[in-house]
1. In vacuo Debye scattering of the chain, one point per C-alpha: log10 I(q)/I(0) at q = 0.09, 0.18 Å⁻¹?
2. Label Val24 and Phe73 with points 7 Å out from Cα along Cα→Cβ: what is the distance between them in nm?
3. Please give the length that would be gained between Arg250 and Arg39 if that part of the chain were fully extended, namely 0.36 nm times their separation in residues minus their C-alpha to C-alpha distance (nm, one decimal).
4. Chymotrypsin sites (Phe, Trp or Tyr not before Pro), restricted to region 1-51: which are DSSP loop and have at most 16 other Cβ atoms within 10 Å?
5. Eight or more residues apart or on different chains, and alpha-carbon atoms under 25 Å: count the Lys pairs in the chain matching that.
6. What distance in nm separates the two pseudo spin-label positions at Gln143 and Gln163, each 7 Å out from Cα along the beta-carbon direction?
7. Kindly work out what percent of the DSSP beta bridges joining two residues of region 5-110 are antiparallel, to the nearest 5.
8. Quick one, can you get me the convex hull of the C-alpha atoms of region 1-115 expressed as volume per residue in Å³?
Amino acid sequence: MVGMVLDVNDRTFERDVVQRSYRVPVVVDFWAPWCGPCRMLGPVLEGLAHEFGGRFVLAKVNVDENPGLAGRFGVQGIPAVKAFRDGRVVDAFVGAQPEPMVRRFVERLTAVSPARAHSSAATTTSHITDPAIRLQKARQLLQQGKGCEAVSWLQGFPQGSGQGEARKLLALARLMCEGARQPATGDSNLDQLYQQAAEAARRREFSAVLYYLLAILRQNKQYRQGEAQQVVEGVFTLLGADDPLVRTYRQQLPI
């Protein structure tokens, strides 16, 4: 986990947290060696830092050794966790929270808004018209859970070879990028399943994605004007026809 987990102090905080947060989100864990809840939360945060593979950096601040930083950020109880993006605190929590809650915290932080992702990728993608290159890049990004960046490579796809594949992958990319942000349809049960599918997609848990989407399709094949069906085809396209998941779930698709 070298590079994903850092020990930070008063001298390095500006460089390793504030400045770094303009390039990648930084989660700061204010802790102390004598703190029992800190010893429970620390491994959870470190495990997520490893799992997310560089999508955020975990910075650990020992408050006993750095009381000035604790005071600067209003830390009154530990463990205290603060998320930094673009040089400022954007989210926080206090106490040893359960893993699912900490995971949602990290997912919120690492989820890229469509506007942010599209603006950063527009220059790169606008001049590349080779369909094979665009598909290859989009596939790589989807495999990494970077749906918003993949959208930029798949939107406005050149006509001709690969356009059908791009359309299916675009449905998956949009779910990964913005699925949980889309307005409710009025069916709270199906909307909840769709949100769970979106969260699973960002974690690259494609078995779970297919499980939730098939649960939707069994109840309403036209959910979101057929979006759920399109995303299923996107997962199939990404994984390939020979993947065991694809063979299993294709047989379960409602006719």
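Read the figures in this text as sums done on the coordinates, not as results from a lab. In this text the structure is predicted, and so the values were computed from the model without any measurement. Methodologically, a virtual Cβ is constructed for each residue, glycine included, from the backbone with ideal geometry; neighbour enumeration extends over all protein chains shown.
1. These q points yield log10 I(q)/I(0) values of -0.47, -1.28.
2. Computed distance between label sites Val24 and Phe73 equals 1.7 nm.
3. Taking Arg250 through Arg39 to full extension adds about 71.5 nm, to one decimal.
4. Passing both the DSSP loop test and the Cβ count: Trp34.
5. Lysine pair count for the chain: 6.
6. The two pseudo-label positions are separated by 2.7 nm.
7. Given both bridge residues lie in region 5-110, the antiparallel proportion sits at roughly 55 percent.
8. Dividing the Cα hull volume of region 1-115 by its residue count gives 96 Å³.
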